[in-house]
Amino acid sequence: MDTVEDEIAATAARLVVEEGLEYGAAKTRAVRQLGLPARTRLPDNNAVEVAVREHIALFCADTQPAELQALRELALVWMDRLNAFRPHISGAVWHGTATRLNDVFLQLFCDDPKAAEIHLLNQGCSYEVGSTSGFRGEMVDVLSIRSRCAELNETVGVHLLIYDTDDLRGALKPDVQGRKPRGDASALRQLLGARA
């Protein structure tokens, strides 16, 4: 390891892959596990993602691709079910770093923020309501569903982040690495097709 930040990133990556933690929580726990002061400078999320990819390549190369495929297929099922709300996938499942421990994150862009809830109720789906920081730092509603994934023989969390339709315009700008931070069902189908 070159720096303390690299060591934190590597430890955080292990926690992300092996325990399914989100990056922020993994970095905080890595600092504690390494016995570093709480105010230690943390690596950015890009550094953690690089370390996650390295960890997967070293320790999960035989299982992770199939797990990712199963999660992407589950995401596509939900995107098709929620097509009226312009669903876009984001997070580890979109970026290709997900394992069976990760949840699926879909962003819905709705004319009426309650329409997605009504749709789920009409479909007989139970869900929990919460909130989280959106992609611009604002608080957004989250509808969380537990969905069976037959390929993994597990129940997976599917989280629906509710945005206004107008938010879609700024949502597709590339991130600092030039990648699309989210994709629609067509883009996800292309990823699944490339894997087949």
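The values are calculated or read from the model by the stated rules, or taken from the named source; none is laboratory data. Just so it is clear, the structure is predicted and the values come from calculations on it, not from any experiment. When we count neighbours, we look across all protein chains shown, and the Cβ atoms used for this are built from the backbone with ideal geometry, even at glycine.
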Original post:
Would a scan of the range 110-133 turn up a residue that is closer than 30 Å to Arg14 by Cα, exposed (fewer than 15 other Cβ atoms within 10 Å of the Cβ) and within 14 Å of the chain's Cα centre (by Cα)?
Top reply: yes
**OP:** Output the qualifying pairs, or none if there are none: Cβ atoms under 7 angstrom, residues six or more apart or on different chains, first residue in the range 173-187 and under 13 Å from Ala75 (Cβ atoms) and in contact (Cβ under 8 Å) with a residue 12 or more places away in the chain, second residue assigned to a loop (DSSP other than H, G, I, E, B) and not aliphatic (A, V, I, L, M).
**Re:** Ala185/Pro87
Subject >> Matching residues, the range 159-196, being touching an Asp or Glu at 6+ places or on another chain (Cβ under 7 Å) and part of a strand (DSSP E or B) >> reply: His159, Ile162
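Each row is one residue, and each column tells you yes or no for (1) touching an Asp or Glu at 6+ places or on another chain (Cβ under 6 Å); (2) exposed (fewer than 13 other Cβ atoms within 10 Å of the Cβ); (3) within 23 Å of Trp94 (Cβ to Cβ); (4) of a type in the set (Ser, Thr, Tyr).
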residue: Val17; (1), (2), (3), (4): no, no, yes, no
residue: Gly20; (1), (2), (3), (4): no, no, yes, no
residue: Tyr23; (1), (2), (3), (4): no, no, yes, yes
residue: Arg29; (1), (2), (3), (4): no, no, no, no
residue: Thr40; (1), (2), (3), (4): no, no, no, yes
residue: Val48; (1), (2), (3), (4): no, no, yes, no
residue: Ala51; (1), (2), (3), (4): no, no, yes, no
residue: Ala57; (1), (2), (3), (4): no, yes, yes, no
residue: Cys60; (1), (2), (3), (4): no, no, yes, no
Subject >> Identity of the residue in the range 31-52, in a loop (DSSP other than H, G, I, E, B) and among the small types (Gly, Ala, Ser), that ends up nearest to Pro174 (Cα to Cα) >> reply: Ala38
**OP:** Please specify each residue of the range 116-132 satisfying the condition of being in a loop (DSSP other than H, G, I, E, B) and under 14 Å from Ile162 (Cβ atoms).
**Re:** Tyr127
**OP:** Evaluate the following for Phe105: is it in contact with a His (Cβ under 6 Å, 6 or more places away or on another chain), of a type outside the set (Lys, Arg) and assigned to a strand (DSSP E or B)?
**Re:** yes
Subject >> Subset of the range 53-67 [part of a helix (DSSP H, G or I) and free of Cβ contacts under 8 Å to residues at least 60 places away in the same chain] >> reply: Arg53, Glu54, His55, Ile56, Ala57, Leu58, Phe59, Gln64
**OP:** Would you point out the residue of the range 153-185, among those that are among the polar types (S, T, N, Q) and at pLDDT below 95, that is nearest to Gln69 (Cα to Cα)?
**Re:** Gln177
**OP:** Could you check, for the range 154-177, whether at least one of its residues is closer than 19 Å to Thr63 by Cα, aromatic (Phe, Trp, Tyr) and buried (at least 17 other Cβ atoms within 10 Å of the Cβ)?
**Re:** no
Original post:
Which of the residues spanning the range 68-95 are at pLDDT 95 or above, outside any helix (DSSP H, G or I) and under 18 Å from Arg179 (Cβ atoms)?
Top reply: His88, Ile89
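Condition check ((1) aliphatic (A, V, I, L, M); (2) in contact (Cβ under 8 Å) with a residue 60 or more places away in the chain) across all residues:
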site: Arg72; (1), (2): no, yes
site: Trp78; (1), (2): no, yes
site: Arg81; (1), (2): no, no
site: Asn102; (1), (2): no, yes
site: Cys125; (1), (2): no, no
site: Val129; (1), (2): yes, no
Original post:
When you go through Val176, Val158 one by one, which is the residue that is in the same structural domain as Ala84 (by TED's automatic domain parsing), closer than 20 Å to Ala92 by Cβ and touching a helix residue (DSSP H, G or I) at 6+ places or on another chain (Cβ under 6 Å)?
Top reply: Val158
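Are any residues in the range 1-30 in a helix (DSSP H, G or I), among the β-branched types (Val, Ile, Thr) and over 18 Å from the mean Cα position of the chain (by Cα), and if so, which ones?
Val4, Ile8, Thr11, Thr28
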